[in-house]
Amino acid sequence: MLISPDLIKKALDTALSTGADFAEVFVEESFNNGVSLVDSRVDSVSSAVISGLGIRVYSGLRSASASTSDLSDDAVIAAARNVAAIIGDGKRSAEPFVLTERVNTNIHRIEIVPSSVSSHDKAQLVRKMCLSAKSYSPLISQVTGTFLDVDRRILVANSGGLLTEDRQIRCRMACSAVASKGGESQTGFCGPGRRMGMEMLEKIITPEEIGREAARQAVVNIEADYIESGVYPVAIENGFGGVIFHESCGHSLEATRVAYGLSEFAGKKGQQIANEKVTAVDDGTIANAWGSINIDDEGTPSQKNILIENGILKRYMVDRFNGRRMGEPSSGSARRQNYQYTPTSRMTNTYIAAGNDEDEDIIASMDDGLYCAKMGGGSVNPTTGEFNFAVTEAYRVKDGKIGRAVRGASLIGKGSRILMDIDMVGKHMLTGQGMCGSSSGSVPTDVGQPLIRVKSITVGGR
């Protein structure tokens, strides 16, 4: 174990000594490695270790937390005393407890642990990716490639008697390609990741395929015309297209917002908030998926949460503390970047489930619209649901057929409106990988959906 059970028990008892009704210890040791190349030349090689402990107490709807990078007995007990001093000056009221270790089921097979592969060999794989992108077209002027891997070990214990551990191994390869023409530049990006080892680059996608895809996007955009702004029916492709649900609606279904009434969907459980064709899921149990977790960062086993079913809001994503305010149990959704952050409700693998419409019918249904092949980042106000998203690869649709490529498009709208306006849902669900930032830091998440149609949305352009 990362620290001894005796020290954990002593820390929890100390934290409870002034009247808190619940205490929790989180211990982490993470090894983060990275290799970066620019135009096939090694730019940087990095390696970092994150090690420390976070301790937290509750007293009703109040909480206090502290952290330390020093795992010595004195430092850990000092952190426990700090949270005890913050939460109250009474006497211990919590019941005595005994820590009982629980071993979690692990469905994430790792065949080649990334830390067992040298930085030189990783750099060679990244070089293959960069060369593939560079050779795609003479318009490609620069290529940047990275390989990142994380080996994270966590321990969670609490005054309910829980003592459990987990090991989380992930890797991700990413390529950014720049195409230049006539004094202008456009960028393409591809960055697949999995809760897997190095076998990802054989079983899922090769470095060469990643490079070609990044370059293809860049070349498409440098040749594209700018889109005219307007209101259009829009088809959003599968995979990373799911980011629009993640950002515009997913954050508004997290207890982080809902518990305080700071979400447009607060108090709407059991109500229709989406078109009946929409079923949305957050599922942390998908084997080897980028956002999957065996347990969340409070030690609760991950689960498949049906958020919206046939348009009806079924549940929120809930962590233990916000669940107290809401009167709901944890949904296994508590996550944190590392021990220095306080966990809160976060997404894992969040997607719109496959529907019954054929992709060709979705495109054919639009007389004058926009096909969004690749989505980029954006911004959203979870309280109001208002969002603005960049489209990184798009095509005009005329008379039911995909036509010329266009660039500079952005989608502007409101989460509750877009959910009701999704009127066609395809059959082929895919996911894309990203890092999601919130109050508990940056965590890996998958987004996904099949091809969907939004019957009307404002498209920003020229």
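Read the figures in this text as sums done on the coordinates, not as results from a lab. Just so it is clear, the structure is predicted and the values come from calculations on it, not from any experiment. We place every Cβ from the backbone using ideal geometry, glycine too, and count neighbours over all the protein chains shown.
Regarding segment 163-322, what's the average projected area of the Cα-atom convex hull, expressed in nm²?
Working: hull surface 52.6 nm².
The orientation-averaged projected area of the Cα hull of segment 163-322 comes to 13.1 nm².
Going by C-beta contacts inside 10 Å, put K374, K128 in order with the fewest on the left. Don't skip to the answer; put the middle values down first.
Working: K374 22, K128 18.
Ordered from fewest to most neighbouring Cβ atoms within 10 Å, K374, K128 come out as K128, K374.
Between helix 119-134 and the chain, what is the angle of the helix's C-alpha long axis to the longest principal axis, kept within 0 to 90° and rounded to the nearest 10?
For 119-134 against the chain, the angle is about 20 degrees.
Can you tell me how much longer the chain between R417 and S456 gets when fully stretched, taken as 0.36 nm per residue apart minus their C-alpha distance, in nm with one decimal?
On the way: separation 39, 0.36 × 39 = 14.04 nm, distance 0.97 nm.
Stretched out fully, the R417 to S456 stretch lengthens by 13.1 nm.
Calculated from DSSP H runs of 4 or more alone, at -39500 (n - 2.57) each and per residue, what is the 222 nm mean residue ellipticity of the chain, nearest 500? Display every interim value, and only then the final one.
Values: 9 runs with 87 residues, N = 462.
Calculated mean residue ellipticity at 222 nm is -5500 deg cm²/dmol.
As a footprinting exposure proxy, order D70, D39 by other Cβ within 10 Å, with the fewest listed first.
In increasing order of surrounding Cβ atoms, one gets D70, D39.
Once the other residues with Cβ under 13 Å from the Cβ of V103 are scored (Lys, Arg +1; Asp, Glu -1), what is the net sum? Mind dumping the intermediate values first?
Values: positive: R102, R167; negative: E101, E165, D166.
Overall, the nearby charge balance is -1.
Test of understanding: what is the full-extension gain from S135 to A78, defined as 0.36 nm times their sequence separation minus their Cα-Cα distance?
Numbers: separation 57, 0.36 × 57 = 20.52 nm, distance 5.78 nm.
Computed gain between S135 and A78 is 14.7 nm.
Based on the Cβ-Cβ distance from S180 to I86, what FRET efficiency comes out when R0 is 56 Å, to the nearest 0.05? Write down the numbers at each step before the final one.
Details: r = 56 Å, r/R0 = 0.99.
Rounded to the nearest 0.05, the efficiency is 0.50.
Among DSSP bridges having both ends in the chain, what percentage is antiparallel? Round to the nearest 5.
Antiparallel bridges make up about 90 percent of those DSSP assigns within the chain.
If exposed GluC sites (Glu not before Pro) are those in a DSSP loop with at most 16 other Cβ within 10 Å, what is the longest stretch of the chain that has none?
My reading of the result: 1-110 is the longest stretch.
Relative to the first principal axis of the alpha-carbon coordinates of the chain, what is the inclination of helix 5-15, with its axis defined by its Cα atoms, in degrees from 0 to 90 and to the nearest 10?
For 5-15 against the chain, the angle is about 80 degrees.
Which angle between 0 and 90 degrees, to the nearest 10, do you get for helix 207-223 versus the longest principal axis of the chain when only C-alpha atoms count?
The angle comes out at about 50 degrees.
In a shell of Cβ-Cβ distance under 14 Å around D39, excluding D39 itself, what net charge do Lys and Arg (+1) and Asp and Glu (-1) give?
Charge balance in the 14 Å sphere: +3.
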